[in-house]
1. Name the residue that is farthest from the chain's Cα centre (by Cα), counting only residues in the range 74-96 that are in a strand (DSSP E or B) and within 21 Å of Pro33 (Cβ to Cβ).
2. If I go through the range 26-64 residue by residue, how many of them are closer than 21 Å to Trp185 by Cα and among the β-branched types (Val, Ile, Thr)?
3. What is the one condition in (1) part of a loop (DSSP other than H, G, I, E, B); (2) at pLDDT below 95; (3) surrounded by 15 or more Cβ atoms within 10 Å (Cβ to Cβ) that Pro107 does not satisfy?
4. State all residues of the range 17-58 that are at pLDDT 90 or above, of a type in the set (Gly, Ala, Ser) and over 16 Å from the mean Cα position of the chain (by Cα); if no residue qualifies, say none.
5. Has the range 58-74 got any residue that is crowded, with 20+ Cβ neighbours inside 10 Å, in contact (Cβ under 8 Å) with a residue 40 or more places away in the chain and among the aromatic types (Phe, Trp, Tyr)?
6. Any idea which of Thr7, Thr2, Thr50 is hydroxyl-bearing (Ser, Thr, Tyr) and more than 25 Å from Pro172 (Cα to Cα)?
7. Go over the candidates Met51, Met1 one by one and state the one that is touching a residue at least 24 places away in the same chain (Cβ under 8 Å) and more than 26 Å from Pro147 (Cα to Cα).
8. Assuming Ala143 fulfils every condition listed in (1) closer than 19 Å to Ala69 by Cα; (2) touching a Pro at 6+ places or on another chain (Cβ under 6 Å) apart from one, which condition is it?
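The values are calculated or read from the model by the stated rules, or taken from the named source; none is laboratory data. Given the structure is predicted, the values throughout are model-derived calculations rather than measurements. We place every Cβ from the backbone using ideal geometry, glycine too, and count neighbours over all the protein chains shown.
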Amino acid sequence: MTRLLQTLFFVLFVKPLVAVVLGINVRGSEKLPRGGPAVLVANHNSHLDTMVLMSLFPLRMLPLLRPVAATDYFLRNKALAWFALNVIGIIPLDRKPGVTHQHPLQPCLDALEHGAILILFPEGTRGEPEEMTRFKTGIAHLAKRAPDVPASPVFMHGCGKALPKGEALLVPHICDVNVGDPMRWSGDAAAYMQELERQFGELAAAVHPRPACSVRGEEGSDDDERV
């Protein structure tokens, strides 16, 4: 039943929204994973980001797509929790976990073991429109624990203008998506993060030769959602 609801939501709402209201230009779509386990690593400006990324895949792959999302934001009430878990298919992640015997990334690792394609936003929160903050190192920790799982960097531009953080009104705007080459664990967290940021710099430059997405030195605040 939930799979049917998910399919109907994407057929009747997400696909038309992306194709007609927004419009989307995709580069490197052939680099997207054709199956799991895999990880999509993307910058984050808007709630539209997840929908745009999921719309890049055929409907048959929807059950494999698992956005990683903050428990405190998306499970804050029963209605939103039901929708996030059953229609979007999020993996809830505690940003400030208490004392527990389980590794914070264990739900992500479990999903990868079952062949999922994770959608991860390493900035940790939606930023200002078209500005990237420094990536948090959780993606490197995940790569270290799942070294054989490829992680594909995906740069997006335009979603932050179509639906910025704090706004409820959708403004039609073309969204550009540029998919990079899949990465694997390099054996060193600092080198892995450096390579990830290098790829994002190149992907952003290919979309907009002039800097359209600046990188701010400070990390995102912890009072917003992580997806």
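1. Of the range 74-96, the ones in a strand (DSSP E or B) are 91-93.
Add one more test, that the residue is within 21 Å of Pro33 (Cβ to Cβ), and what stays is 91, 93.
Values: Ile91: 12, Leu93: 13 Å.
That would be Leu93.
2. Let us first name the residues in the range 26-64 that are closer than 21 Å to Trp185 by Cα, namely 31-43.
So of that shortlist, the ones also among the β-branched types (Val, Ile, Thr) come out as 39, 41.
Summing the residues that are closer than 21 Å to Trp185 by Cα and among the β-branched types (Val, Ile, Thr) in the range 26-64 gives 2.
3. (1)
4. Across the range 17-58, the qualifying residues are Gly28, Gly35.
5. The answer is yes, given that some residue of the range 58-74 is crowded, with 20+ Cβ neighbours inside 10 Å, in contact (Cβ under 8 Å) with a residue 40 or more places away in the chain and among the aromatic types (Phe, Trp, Tyr).
6. On the way: Thr7 fails: more than 25 Å from Pro172 (Cα to Cα); Thr50 fails: more than 25 Å from Pro172 (Cα to Cα).
Answer to the check: Thr2.
7. On the way: Met1 fails: touching a residue at least 24 places away in the same chain (Cβ under 8 Å).
It is Met51.
8. (2)
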